Amino acid sequence: MRKKLVVGLFYTGARPGKEEELFLKYAKKKNIELAMINLSKKFDEESFERQVRKCDLIYNNASEEFVLEPLKTVEEYGKKVIDASKLYYYTEDKWMFYIKCRENKIPTPETILIPNNLMMARAELKEFGKWPVILKRIYGTRGRFVERANNLEEAVKIVKMIWSKDCDHIPIIGQEFIKSHSYRVTLINGKIVQTAIKTSNNWKATGVYQKKCEKFRVDAKLRKILKKVVKATHINICGVDVLKRGDEWLVLEVNAEPGLDFIDGEQEMVVDKILDFLKMYWRHHIAKKPKHHS
């Protein structure tokens, strides 16, 4: 049996960035062969398949929506992806995550699904009546298609504006606005590896708008909530965004392929732990399985 793990690393960009260089550096130290698969170039199916079939598993380090199709293609080849494509379509769907939170008694901001009809949308928002309200598409990253409305007329204008930029009319949710910093907890295999408070002068506190990040202590109440999130979502490597209202923690969303650079000096540590997890996963779930030859 080949003892050296081969990991295919999905990334985008003209060339490997700082994070990809860190993966290369630490993979070499751990005797892991890293196959760099750049998804920003022309997609050649035959070349892509040859690259993928040499790998034991694939780790996705890119967040662009385009990456979903290569991920599903890899799974069609019978290769394991960390994390599975279905998580992006289901768990990262902001409406379905809200439903999952409600079903698993995970505290989360009150949320409504906006009808795909302007008159019905107006009526639903009026009945919801929580102002300000946050309006966002069920899919989206880095604060795109996320807006705040202070009243019904503003909300209707925002819905129309989002629809005008989105010819497919991807569903929109309305969510109560919680005045809070955004607290990020990064977990690998259910274990907390990093915390960060994302502060900003803007009401949006995503990684894009942050001015600085500081660590924070995860108390027993939040630790219990995070265990529920991991159990409900089944994501191996994730970033969980939470808000705070008084002494109450509210889970906002969960993200696969989380950013690793929130805290200065910790990026290498997180990359190191991701590679440890990939090696452990390979040993326990892939290397021991007998190979089937066609």
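Bear in mind these aren't lab numbers, they're just calculated from the coordinates by the rules spelled out. Computed from a predicted model, the values in this text were never measured in an experiment. Backbone-built Cβ (ideal geometry, glycine too); neighbour counts: all protein chains shown.
Some values worked out for this structure:
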| item | result |
| --- | --- |
| Computed Kirkwood radius, in angstrom, where 1/r is averaged over Cα pairs of the range 213-282 | 13.7 Å |
| For the chain, convex hull volume per residue from C-alpha positions, Å³ | 153 Å³ |
| Projected label distance in nm at Glu45 and Lys231, using a 7 Å step from Cα toward the beta-carbon | 4.3 nm |
| Projected label distance in nm at Asn31 and Val6, using a 7 Å step from Cα toward the beta-carbon | 1.8 nm |
| Cα-based radius of gyration of the range 179-256 once divided by 2.2 N^0.38 Å, which approximates compact folds | 1.03 |
| Reach of Lys41 by Cα under 17 Å, taken over aspartates and glutamates that are not fewer than 8 positions away in the same chain | Glu20, Glu49, Glu64, Glu65, Glu69 |
| Hull shadow area, averaged, the range 110-176 [alpha-carbon convex hull, nm²] | 3.9 nm² |
| Ranked Trp131, Trp203, Trp249, Trp282, criterion: other C-beta atoms within 10 Å, fewest first | Trp203, Trp131, Trp282, Trp249 |
| Distance in nm between pseudo-label sites at Glu65 and Lys130 (7 Å out along the Cβ direction from Cα) | 2.5 nm |
| Volume per residue of the C-alpha convex hull in the range 1-116, rounded to whole Å³ | 175 Å³ |
| Extension gain, Leu152 back to Lys191 (0.36 nm per residue minus Cα-Cα distance, nm) | 9.9 nm |
